[in-house]
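The values are calculated or read from the model by the stated rules, or taken from the named source; none is laboratory data. Owing to the predicted nature of the structure, the values given are computational and were not obtained by experimental measurement. When we count neighbours, we look across all protein chains shown, and the Cβ atoms used for this are built from the backbone with ideal geometry, even at glycine.
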Amino acid sequence: MKRNPASEDSTAAFEQTLAQIGDGHYVLRLYLTGHTNRSLKAVQAVKALCEQYLKGRYDLEVVDLCDQPERAQAAQIIAAPTLVKELPPPLRRLIGDLTNTDRVLIALDLKPRKN
């Protein structure tokens, strides 16, 4: 029986994803447009929030759509800044002002919503 390296890679990736879900690991992607004041504030706010509430339990990828415009279409991004929470489920998208800590915490399911 032949080994299929692609199958082994996808199995390993799937198992890693399951492990991350189980340990409360967050996978976040922040989409920005250039090095504007708004983009820099969004990066600072999200990094500070992650370090305070998710230290050691998150991966954050910052995507500059000016450098990689094809990623906007692939991820269905219509405005920036947009923060996408990929893991843990459910998938969430937060568009606009990311300096409002309560709003971001609620979107990331780190703080209960007010009724």
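Among the residues of segment 66-86 satisfying the criterion of being in contact with a Phe, Trp or Tyr (Cβ under 6 Å, 6 or more places away or on another chain) and of a type in the set (A, V, I, L, M), which is nearest to V104 (Cα to Cα)? Going through the qualifying residues, I end up with A80.
Being at pLDDT 90 or above and of a type outside the set (A, V, I, L, M) is true for just one of P89, P5. Which residue is that?
P89
Looking only at segment 20-48, which residues are hydrophobic (A, V, I, L, M, F, W, C) and either buried (at least 18 other Cβ atoms within 10 Å of the Cβ) or free of Cβ contacts under 8 Å to residues at least 40 places away in the same chain (or both)? Correct list: L28, L30, L32, L40, A42, V43, A45, V46, A48. Somewhere in segment 70-82, is a residue polar (S, T, N, Q) and at pLDDT below 95? Yes, some residue in segment 70-82 is polar (S, T, N, Q) and at pLDDT below 95. For segment 49-113, no strands (runs of 3 or more DSSP E) sit wholly inside it while including 3 or more residues that are touching a Leu at 6+ places or on another chain (Cβ under 6 Å), touching a residue at least 40 places away in the same chain (Cβ under 8 Å) and surrounded by 16 or more Cβ atoms within 10 Å (Cβ to Cβ).
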